[in-house]
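Student: Before I ask anything, let me first share the structure, which is written out below as structure tokens.
The values are calculated or read from the model by the stated rules, or taken from the named source; none is laboratory data. These figures come from a predicted structure and were not determined experimentally. Here Cβ is always computed from backbone atoms with ideal geometry, including for glycine, and neighbour counts include all displayed protein chains. In case anyone asks, the SASA skips ligands and DNA or RNA and just uses the protein heavy atoms, side chains included. Shrake-Rupley method; radii C 1.70, N 1.55, O 1.52, S 1.80 Å.
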Amino acid sequence: MIHLVEIGCYVGGLSTSTHAVGGGVRSFLMASGPRATADMTLRVEAAGDPSKWMEGLVVEASSAGFTLSVKSWSGTGAVSSWRLAAGQLRFSTAEYGGAGAPGPYEPVIAPEGYARGKVSLHGDGRSFGAGDVEKGLIKVINKGERDHLRRYAYFGRVARELVVDGPATPYAEAVVLRTGTVEQPVVGDEDVLFRWRGRLADLDSRWQGSTFPGGTGAGMSTDGAEGLKDLPRPRLRGYRAQIEPVPTNVSGTLRQISDRRIHGVADGRCRGVPNPVGTRYASLAALKAATPAAGTFNWYAGEAGDGAWCVTTVGSQAGVFTLAAWEGETAADRTLAQVWRRVLIEDCGYAATEIADADVAALDDTCPWEAGVWAGTQEKTKRDALNELVDGVAGYYDDDLGRWRIRYDGAAGGDPVIVFRHFLENDDYAMGGEVPYVALELVASADDTKGLPVCAVDVQFAPRDRVLSDGDMAGDATSTTDSVGGADARKQLGSEALTATWPASGKDETVIALWGERRLPVKTSLRYREHALTHAQRLHAVHSVLRDRYVATGFLTTETAVARPGAVVGLQSRRYGLDAGQTLRVNGRTLEGKTLKLDLLETPE
């Protein structure tokens, strides 16, 4: 088996050779900057006019210049200043010349320098929030020939590792092992080390967009007073039950709900006392020019792209003002899956093609539940926002094929993509899709995170972003005419979230008798109790029974490469009662050169 590595890059050098745009073989002399690499694919662009370009294979290269065999181009006319732009480096573990390959592969990958790294949907037996990814490394032999690769730019450029069965295997039959990007390489005397960068690392930047410029906060200023200077503006996706819009003027009557458009508001309260929704305005200017009726608030949805705002009759000195708000026109637009997809596309900049639509549709079908996430002036990363949105319900990760995936923790297994089994001596009756494993280890069940049953599931829902303390609320809790609404209303306003428990009795006594009293607390961003209760019931069905976990070690081949995290595989063995076989989910995968280790978890029925 041969490993192929393709690494996208940006070269950045400059050539002043004059050529007319078109096909053929062209020679370029280097004027400055990083030089080209032999056998790479390279695009050269007219400096100052990237609409004119030529692309092809670099057939010769040195520090002085390079020769490009042009395969495609755009534009016309002669150009005398060329920028070496996007390129693709290709390396392999052995000679490869399969039909359909994008170009030559240099057989310079070091013996220990491929198929290293791991991906896990969490080691706790559940998959909530972002997966754990360690993409590993690629090591290329150097000896002074590839020192210049350190000067290329790699951030955001696609890198892939593929495997083929032999040197003449058609490129169309190559199996993608992993997709991502690489960090800037570490160049040593003997080798060049490329470290894979998972796309989860790209989510560690701030989720909120612009910041407040700050100012005096006079009048109906949207800039924020000096205390807000350089703090992020708030952002809302989906539904949140109790947020505190950010006051931007000195009086505190003008408040920003989100820097994005929203679709509705409700349940306004000042110090816990209801403030009904007043008038909705079509522009921010109209909102600022009007005065709400006493005890109400007006609002603007942000249709012009200038954010969502509200104006209250009470200022900051009157006490805490909160409201419920939602982004997403219909309930179907506010499901957890749709909000997750919208954050990735509109807030993180990914294309729709980079998201597994089938996963989104499956999650919508299984869990058509409203959810949401909000951030005020405290900075929240994109990963934090996505985790807060999906935690307790689903797990998401970037897969080996360059797509964002999401899966429901209680999802059933489905048909296995491959079956691993114990092969006996002279075992010739293996069916198609069956491969041997090298070693099998049963992971000891020690607590609920390693498969032991739980007696109850407690699902938190309807989280409050601004929790009201007793001192924040007006009225008298003991009065029959309490302006806040009584003890139940006060309890909800003062709780971080509400809780739904299954079984309804509070505990599964059968589980307690066998395994002890062990509860599973789950924190979610779900809106409704009925959805939280359904989720608790499903999780109880999954986690109230003993589930086995295994670590299976096998050979990494084009056939076993399909055992990716999230996939379902079969396992058959003479050990552990697996004679008839069992279906398990790949909870994690570790690549170790020619072998792979799979973390396998028994799937729900």
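Student: Tell me, please, whether a residue that is under 23 Å from ALA293 (Cβ atoms) and either out of contact with any Gly (no Cβ under 9 Å at 6 or more places or on another chain) or at pLDDT 95 or above (or both) can be found in the stretch 218-232.
Tutor: The answer is yes, given that some residue of the stretch 218-232 is under 23 Å from ALA293 (Cβ atoms) and either out of contact with any Gly (no Cβ under 9 Å at 6 or more places or on another chain) or at pLDDT 95 or above (or both).
Student: Quick check: is even one residue across the stretch 216-223 surrounded by fewer than 17 Cβ atoms within 10 Å (Cβ to Cβ) and in contact with a helix residue (DSSP H, G or I) (Cβ under 9 Å, 6 or more places away or on another chain)?
Tutor: Yes, the stretch 216-223 contains at least one residue that is surrounded by fewer than 17 Cβ atoms within 10 Å (Cβ to Cβ) and in contact with a helix residue (DSSP H, G or I) (Cβ under 9 Å, 6 or more places away or on another chain).
Student: Here is a list: VAL542, VAL459, VAL435. Which entry is open to solvent by less than 30 Å² (accessible area, probe 1.4 Å), outside any loop (DSSP other than H, G, I, E, B) and in contact with a Gly (Cβ under 6 Å, 6 or more places away or on another chain)? Step through it out loud before you land on a result.
Tutor: Values: VAL459 fails: in contact with a Gly (Cβ under 6 Å, 6 or more places away or on another chain); VAL435 fails: in contact with a Gly (Cβ under 6 Å, 6 or more places away or on another chain).
Just a single option satisfies the conditions, and that option is VAL542.
Student: Can you tell me which of THR501, THR510 is of a type in the set (S, T, N, Q) and at pLDDT 90 or above? Outline the logic, then answer.
Tutor: Working: THR510 fails: at pLDDT 90 or above.
That would be THR501, the only listed residue that is of a type in the set (S, T, N, Q) and at pLDDT 90 or above.
Student: Tell me yes or no: at least one residue of the stretch 289-299 is in contact with a helix residue (DSSP H, G or I) (Cβ under 9 Å, 6 or more places away or on another chain) and part of a loop (DSSP other than H, G, I, E, B).
Tutor: So the first thing to find is which residues in the stretch 289-299 are in contact with a helix residue (DSSP H, G or I) (Cβ under 9 Å, 6 or more places away or on another chain), and the list is 298-299.
Add one more test, that the residue is part of a loop (DSSP other than H, G, I, E, B), and what stays is none.
Scanning the stretch 289-299 turns up no residue that is in contact with a helix residue (DSSP H, G or I) (Cβ under 9 Å, 6 or more places away or on another chain) and part of a loop (DSSP other than H, G, I, E, B).
Student: Just give me the residues in the stretch 299-319 being surrounded by fewer than 20 Cβ atoms within 10 Å (Cβ to Cβ) and touching a Leu at 6+ places or on another chain (Cβ under 8 Å), in sequence order.
Tutor: ALA304, ASP306
Student: Just one of (1) free of Cβ contacts under 8 Å to residues at least 24 places away in the same chain; (2) in contact with a helix residue (DSSP H, G or I) (Cβ under 6 Å, 6 or more places away or on another chain) trips up PRO34, so point out which.
Tutor: Result: PRO34 passes all but (1).
Student: Another question, then. Report yes if some residue within the stretch 159-176 is at pLDDT 85 or above, open to solvent by 10 Å² or more (accessible area, probe 1.4 Å) and within 30 Å of SER63 (Cβ to Cβ); otherwise report no.
Tutor: Within the stretch 159-176 (the criterion being at pLDDT 85 or above, open to solvent by 10 Å² or more (accessible area, probe 1.4 Å) and within 30 Å of SER63 (Cβ to Cβ)), the answer is yes, since at least one residue qualifies.
Student: Still on this structure, please answer the following. Out of SER479, SER483, I need the residue that is at pLDDT 90 or above, over 30 Å from the mean Cα position of the chain (by Cα) and among the polar types (S, T, N, Q). Which one? Write out each step before concluding.
Tutor: Working: SER479 fails: at pLDDT 90 or above.
That would be SER483, the only listed residue that is at pLDDT 90 or above, over 30 Å from the mean Cα position of the chain (by Cα) and among the polar types (S, T, N, Q).
Student: Working only within the stretch 9-37, note down all residues that are in contact with a strand residue (DSSP E or B) (Cβ under 6 Å, 6 or more places away or on another chain) and of a type in the set (Lys, Arg).
Tutor: ARG26
Student: Report yes if ARG575 is part of a helix (DSSP H, G or I), surrounded by fewer than 22 Cβ atoms within 10 Å (Cβ to Cβ) and of a type outside the set (Asp, Glu), otherwise no. Explain how you work it out, then say what you get.
Tutor: Details: part of a helix (DSSP H, G or I): no; surrounded by fewer than 22 Cβ atoms within 10 Å (Cβ to Cβ): yes; of a type outside the set (Asp, Glu): yes.
No, not satisfied.
Student: Output the number of residues of the stretch 235-288 satisfying the condition of being in contact (Cβ under 8 Å) with a residue 12 or more places away in the chain and assigned to a helix (DSSP H, G or I).
Tutor: Looking only at the stretch 235-288, we keep the residues that are in contact (Cβ under 8 Å) with a residue 12 or more places away in the chain, and these are 235-284, 286-288.
Among the residues that remain, those that are also assigned to a helix (DSSP H, G or I) are: 284, 286-288.
The total comes to 4.
Student: Any idea which of ASP347, ASP364, ASP357, ASP333 is touching a helix residue (DSSP H, G or I) at 6+ places or on another chain (Cβ under 6 Å) and open to solvent by 10 Å² or more (accessible area, probe 1.4 Å)? Spell out how you get there, then give the answer.
Tutor: On the way: ASP347 fails: touching a helix residue (DSSP H, G or I) at 6+ places or on another chain (Cβ under 6 Å); ASP357 fails: touching a helix residue (DSSP H, G or I) at 6+ places or on another chain (Cβ under 6 Å); ASP333 fails: touching a helix residue (DSSP H, G or I) at 6+ places or on another chain (Cβ under 6 Å).
Checking each option against the conditions leaves just ASP364.
Yes/no matrix, rows are residues, columns are (1) under 18 Å from THR524 (Cβ atoms); (2) in contact with a Gly (Cβ under 7 Å, 6 or more places away or on another chain); (3) part of a helix (DSSP H, G or I):
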{"site": "GLU346", "(1), (2), (3)": "no, no, yes"}
{"site": "GLY349", "(1), (2), (3)": "no, no, no"}
{"site": "ALA358", "(1), (2), (3)": "no, no, yes"}
{"site": "ALA361", "(1), (2), (3)": "no, no, yes"}
{"site": "ASP365", "(1), (2), (3)": "no, no, yes"}
{"site": "TRP374", "(1), (2), (3)": "yes, no, no"}
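Student: Given the residues THR557, THR510, THR534, which is the only one that is among the hydroxyl-bearing types (Ser, Thr, Tyr), within 22 Å of THR595 (Cβ to Cβ) and open to solvent by 30 Å² or more (accessible area, probe 1.4 Å)? Give the steps one after another, and end with the answer.
Tutor: Working: THR510 fails: within 22 Å of THR595 (Cβ to Cβ); THR534 fails: within 22 Å of THR595 (Cβ to Cβ).
It is THR557.
Student: Using the structure shown, decide if THR248 is open to solvent by 30 Å² or more (accessible area, probe 1.4 Å) and either β-branched (Val, Ile, Thr) or closer than 19 Å to VAL467 by Cα (or both). Quick ask: steps written out before the conclusion?
Tutor: Values: open to solvent by 30 Å² or more (accessible area, probe 1.4 Å): no; either β-branched (Val, Ile, Thr) or closer than 19 Å to VAL467 by Cα (or both): yes.
Spelling it out, it is not the case that THR248 is open to solvent by 30 Å² or more (accessible area, probe 1.4 Å) and either β-branched (Val, Ile, Thr) or closer than 19 Å to VAL467 by Cα (or both).
The rows are residues; the columns are (1) modelled with pLDDT of 80 or more; (2) open to solvent by less than 30 Å² (accessible area, probe 1.4 Å).
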residue: TYR408; (1), (2): yes, yes
residue: ARG421; (1), (2): yes, yes
residue: ASN426; (1), (2): no, no
residue: GLU441; (1), (2): yes, no
residue: ASP447; (1), (2): no, no
residue: GLY451; (1), (2): no, yes
residue: PRO463; (1), (2): yes, yes
residue: GLY475; (1), (2): yes, no
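Student: Looking at (1) under 19 Å from VAL119 (Cβ atoms); (2) not in a loop (DSSP other than H, G, I, E, B), find the lone condition where THR557 falls short.
Tutor: (2)
Student: Please enumerate the residues belonging to the stretch 23-46 that are surrounded by 13 or more Cβ atoms within 10 Å (Cβ to Cβ) and assigned to a loop (DSSP other than H, G, I, E, B).
Tutor: Of everything in the stretch 23-46, those that are surrounded by 13 or more Cβ atoms within 10 Å (Cβ to Cβ) and assigned to a loop (DSSP other than H, G, I, E, B) turn out to be GLY33, PRO34, ARG35, ALA36, THR37, ALA38, ASP39, MET40.
Student: For the stretch 177-187, what are the residues that are at pLDDT below 90, open to solvent by less than 40 Å² (accessible area, probe 1.4 Å) and either in contact with a helix residue (DSSP H, G or I) (Cβ under 6 Å, 6 or more places away or on another chain) or not in a strand (DSSP E or B) (or both)?
Tutor: LEU177
Student: A follow-up question, please. What number of residues within the stretch 139-150 satisfy the criterion of being open to solvent by 50 Å² or more (accessible area, probe 1.4 Å) and under 29 Å from the mean Cα position of the chain (by Cα)? Even if it seems obvious, please write down each step before you answer.
Tutor: Our first condition is that a residue be open to solvent by 50 Å² or more (accessible area, probe 1.4 Å); within the stretch 139-150, this holds for 141, 143, 145, 147, 150.
Going one step further and asking which of them are under 29 Å from the mean Cα position of the chain (by Cα), we end up with 150.
Number satisfying all stated conditions: 1.
Student: From THR296, THR322, THR377, grab the single residue that is open to solvent by 10 Å² or more (accessible area, probe 1.4 Å) and under 25 Å from GLY209 (Cα atoms). Steps first, answer last, please.
Tutor: Numbers: THR296 fails: under 25 Å from GLY209 (Cα atoms); THR322 fails: open to solvent by 10 Å² or more (accessible area, probe 1.4 Å).
Every option except THR377 fails the conditions.
Student: I'm told ARG269 meets every condition in (1) within 15 Å of ALA241 (Cα to Cα); (2) surrounded by fewer than 21 Cβ atoms within 10 Å (Cβ to Cβ) except one. Can you identify the failing condition by its number?
Tutor: (2)
Student: In the stretch 563-589, how many residues are modelled with pLDDT under 90, closer than 20 Å to GLY117 by Cα and either over 24 Å from the mean Cα position of the chain (by Cα) or not charged (D, E, K, R) (or both)?
Tutor: Number of matching residues: 6.
Student: Additional query: Among the listed residues ALA153, ALA201, which satisfies the condition of being modelled with pLDDT of 90 or more and open to solvent by 10 Å² or more (accessible area, probe 1.4 Å)?
Tutor: On the way: ALA201 fails: modelled with pLDDT of 90 or more.
Every option except ALA153 fails the conditions.
Student: So, one more: Can you confirm whether the stretch 63-71 contains a residue that is of a type outside the set (Lys, Arg), open to solvent by 20 Å² or more (accessible area, probe 1.4 Å) and in contact with a helix residue (DSSP H, G or I) (Cβ under 9 Å, 6 or more places away or on another chain)?
Tutor: yes
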